[in-house]
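Let me begin by presenting the structure, written as structure tokens, before commenting on it.
Values quoted throughout were computed directly from the atomic coordinates according to the rules given, and no laboratory measurement underlies them. Because the structure is a prediction, the values reported are computed rather than measured. Cβ placement follows ideal geometry from the backbone for every residue including glycine, while neighbour counts extend to all protein chains displayed.
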Amino acid sequence: MADTGRLIIRGVVGGLAIGRGGRKLFGWFGGPGRDRTARTFESFGYRHSRAMATVAGITDLSSGVGLLAGLATPLAASAFIGEMVNAAAVHRREGPWAEDGGYEYPLVLATAAACLAWDGPGALSADRALGRERTGPAWGLGAMALGAAGGVAVLRLFRDEPE
């Protein structure tokens, strides 16, 4: 049963991450595409907004594929966690609740990704099929630490804190 639950979480979180990346890069599902995403990133204080929009879209897309397939799960989870650290930081002034523009949604997605890194992707995954499934506290905590460090590094290096 646990494998089924992980498959469902991978499908939802990975699928949404793929959609997020496609919306940012290509305008899929009515999304803004790269130019409008870059303008949004600029309004959030990111320098090099077009490059940052591209990096964010590629990160969402590639981490989503990894999570959905259960491939390199701890690495995919850490990349997605880093992306969600940035999303949460941008929305932190609005408080936690999503309906107020807060960080609730990125926090939930990052938590789900961290749980997949901790418990592994399950039996129906590329990692298991390749004999490369990694699970346990070291993998979960490592994914969280790498994701948080990467997310904070992007914030510090490429974002001016709005006044």
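Value of Rg to Rh for the chain, rounded to two decimals, is 0.98; Kirkwood radius and Rg both from alpha-carbon coordinates. Close amide H contacts of residue 159 (hydrogens built in the peptide plane, cut-off under 5 Å, sequence separation of 5 or more or a different chain): 47. Label-to-label distance, residue 111 versus residue 93, with points set 7 angstrom from Cα along the beta-carbon direction: 2.6 nm.
Scoring 96-103, 21-28, 62-69 by mean Cβ neighbours within 10 Å over their residues and listing the highest first yields 62-69, 21-28, 96-103.
In deg cm²/dmol, rounded to 500, what helix-only [θ] at 222 nm does the chain give when every DSSP H run of at least 4 residues adds -39500 (n - 2.57) and the total is split over its residues? Walk me through the numbers on the way to the answer.
Working: 8 runs with 113 residues, N = 163.
Helices in the chain give a 222 nm mean residue ellipticity of -22500 deg cm²/dmol.
Each residue of the stretch 91-106 was assigned a 3J(HN,Hα) from its phi angle through the Karplus expression (A = 6.51, B = -1.76, C = 1.60, θ = phi - 60°), giving 9, 5, 5, 7, x, x, 7, 4, 5, 9, x, x, 9, 4, 4, x Hz with x at Gly and Pro. For residue 152 and residue 3, FRET efficiency with R0 = 45 Å and r from the beta-carbon atoms, rounded to 0.05? Once the sixth-power term is evaluated, E becomes 0.85.
Each Cα pair under 8 Å and six or more residues apart adds its separation to the average, and for the chain the resulting relative contact order is 25 percent.
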